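**Student:** Have a look at this one.
The values are calculated or read from the model by the stated rules, or taken from the named source; none is laboratory data. Everything numeric in this text was worked out from a predicted model, so none of it was measured. Virtual Cβ from ideal backbone geometry, glycine too; neighbours counted across all protein chains shown. For accessibility, only protein heavy atoms count, side chains too; no ligands or nucleic acids. Shrake-Rupley method; radii C 1.70, N 1.55, O 1.52, S 1.80 Å.
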Amino acid sequence: LDLLTENAAVEFLLEVTKNRNSLDPERGAGTDRQLAVQITRCVGQLALGVVQAAGTINTLRLSFEDYLTKWADSRTELLEAPEFDPQRMGYPRSVAFTWFTSYQLLPPDAKMLFDALCWLSAEPIPESLVTGPWTDQQWNEASAVVPGGLRQHSAKLLIPLYDFSLASSPQGRKRSFTVHRLVQEVGKVWQLKREGAIPGRD
């Protein structure tokens, strides 16, 4: 995981969100920076977390205060969950809190598509794997994870994943995208927790 200095994380967040702060003109000068500092500390100054926070802020036109409120709600939801214990998972809890903040705000069908993508390889994924025609065999294999009817409009459902920075923007002629391996891991653990099927871990 790439760790940013606090100043670099704050400057990046302010730049990519175009200084979306409290949007309250009566707030004192420097409030936007103070709130940006709080956000970067919440996400542990992890580049992955700052990018996801910025994607959510921009997509939903959230103020920094709104984002902090939603992040705190996610923290409350997962704080006591043993599945996300850093000693067990090998990464800070802030990864799960920040992911959950974005995930909870996805449209329902986009959540289902993301859930399916968590079980694929962390290698680049051509958009055509999601949007193109599948053989009967491919569909039969995928149907256990991809809910019925989802494929009919899955191309549009990739857009929220890009917007919320839960998947990288597509690149190259094949328009391949990636889902960060830790984002996939958190997503898988969440699904297993939700279904009450967390396996034992070494």
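**Student:** Provide the per-residue ³J(HN,Hα) series for the range 158-164, in order, calculated from phi with Karplus coefficients 6.51, -1.76, 1.60 and θ = phi - 60°, each as a whole number of Hz, with x at glycine and proline positions.
**Tutor:** Per-residue couplings from phi come out as 6, 4, x, 5, 5, 4, 8 Hz.
**Student:** Shifting gears a bit: Using the per-residue mean of other Cβ atoms lying within 10 Å as a proxy for protection, in what order, highest first, do the peptides 81-89, 103-111 fall?
**Tutor:** 103-111, 81-89
**Student:** What are the aspartates and glutamates whose alpha-carbon lies under 19 Å from the alpha-carbon of residue 18, with same-chain residues fewer than 8 places away excluded?
**Tutor:** Straight-line reach from residue 18, under 19 Å: 6, 26, 32, 65, 66, 163.
**Student:** Please list, ordered by chain and number, the residues whose modelled amide H lies under 5 Å from the amide H of residue 63; skip anything fewer than 5 residues away on the same chain.
**Tutor:** Sorted by chain and number, the residues that satisfy this come to none at all.
**Student:** Taking the mean number of other Cβ atoms within 10 Å as a proxy for protection, how do you rank 3-12, 120-129, 53-62 from highest to lowest?
**Tutor:** Highest mean packing first, the order is 53-62, 3-12, 120-129.
**Student:** Tell me the net charge near residue 49. Cut-off is 12 Å between Cβ atoms, residue 49 excluded, with +1 for each Lys or Arg and -1 for each Asp or Glu.
**Tutor:** After counting each charged neighbour, the total is +1.
**Student:** How do 173, 33 rank by accessible surface area computed with a 1.4 Å probe, from largest to smallest?
**Tutor:** 173, 33
**Student:** Hey, another quick one. Near residue 188, which lysines are there with a Cα under 22 Å away, not counting those fewer than 8 places off in the same chain?
**Tutor:** Straight-line reach from residue 188, under 22 Å: 70, 111.
**Student:** To the nearest 10 square angstrom, what accessible area does residue 165 show with a 1.4 Å probe?
**Tutor:** 30 Å²
**Student:** In what sequence, largest accessible area first, do 51, 186 appear using a 1.4 Å probe?
**Tutor:** Sorted by accessible area, descending: 51, 186.
**Student:** Using θ = phi - 60° and the Karplus curve 6.51 cos²θ - 1.76 cosθ + 1.60, what whole-Hz ³J(HN,Hα) does each residue of the range 103-108 get, with Gly and Pro shown as x?
**Tutor:** Once θ is set to phi - 60°, the couplings for the range 103-108 become 4, 4, 8, 5, x, x Hz.
**Student:** Long-range amide H contacts for residue 176: which residues qualify at under 5 Å (H placed 1.01 Å from N, peptide plane, sequence gap of 5 or more or a different chain)?
**Tutor:** 127, 171
**Student:** Starting from the Cα-Cα distance between residue 60 and residue 81, subtract it from 0.36 nm times their residue separation and give me the gain in nm to one decimal.
**Tutor:** This chain segment gains 4.8 nm when fully extended.
**Student:** In sequence order, what are the phi-derived ³J(HN,Hα) couplings for the range 42-51 according to the Karplus relation 6.51 cos²θ - 1.76 cosθ + 1.60 with θ = phi - 60°, rounded to whole Hz, with x for glycine and proline?
**Tutor:** Per-residue couplings from phi come out as 4, 8, x, 6, 7, 4, 4, x, 5, 5 Hz.
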